[in-house]
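These notes concern the structure reproduced below.
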């Protein structure tokens, strides 16, 4: 996880939000990471992050079994067409907790999100390409809105 976080931090204009105890964020978000394209360093008000790292199950998102020791999940917005291309459109994956596999996000897959539990050697190169692409896509969207 640390290697991925460090790599994302090198992207031009990236803003990382990493909620911690005492910062006013809800406890459920503590320990997670949210990545935005925001060259001015402010959290965008009308957009979602393009990538997240979650370190635990959320009440409506338990299929990845993230409460188990050492598990975490990288989520990347790649767009609906790319998500289907990467996953074969497996809406009901038989094992959404499978590690080191690019899967449709168990909750937001229909919105173009993919998820990788504990990315490793099998998904590592693709993960970095997907993250760079998601960052660049968001940079272009921000430029269009401006």
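Per-structure values
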quantity: Fewest-first sequence of 2, 129, 100 by Cβ atoms within 10 Å of each Cβ; calculated: 2, 129, 100
quantity: Full-stretch length increase - residue 46, residue 145 - with 0.36 nm per residue and alpha-carbon distance subtracted; calculated: 34.5 nm
quantity: Residues 97, 80, 64, sorted so that the one with the fewest Cβ neighbours within 10 Å comes first; calculated: 80, 97, 64
quantity: Alpha-carbon centroids, the stretch 19-40 and the stretch 78-144: separation in whole Å; calculated: 21
quantity: Taking the stretch 37-143 and dividing mean pair separation by its residue count, relative contact order in percent (alpha carbons under 8 Å, at least six apart); calculated: 27
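No lab work stands behind these numbers, since they all come straight from the coordinates. Note that the coordinates shown come from a computational prediction; the quantities given were computed from them, not determined experimentally. All Cβ positions, even for glycine, are placed from backbone atoms using ideal geometry, and neighbour counts span all protein chains on display.
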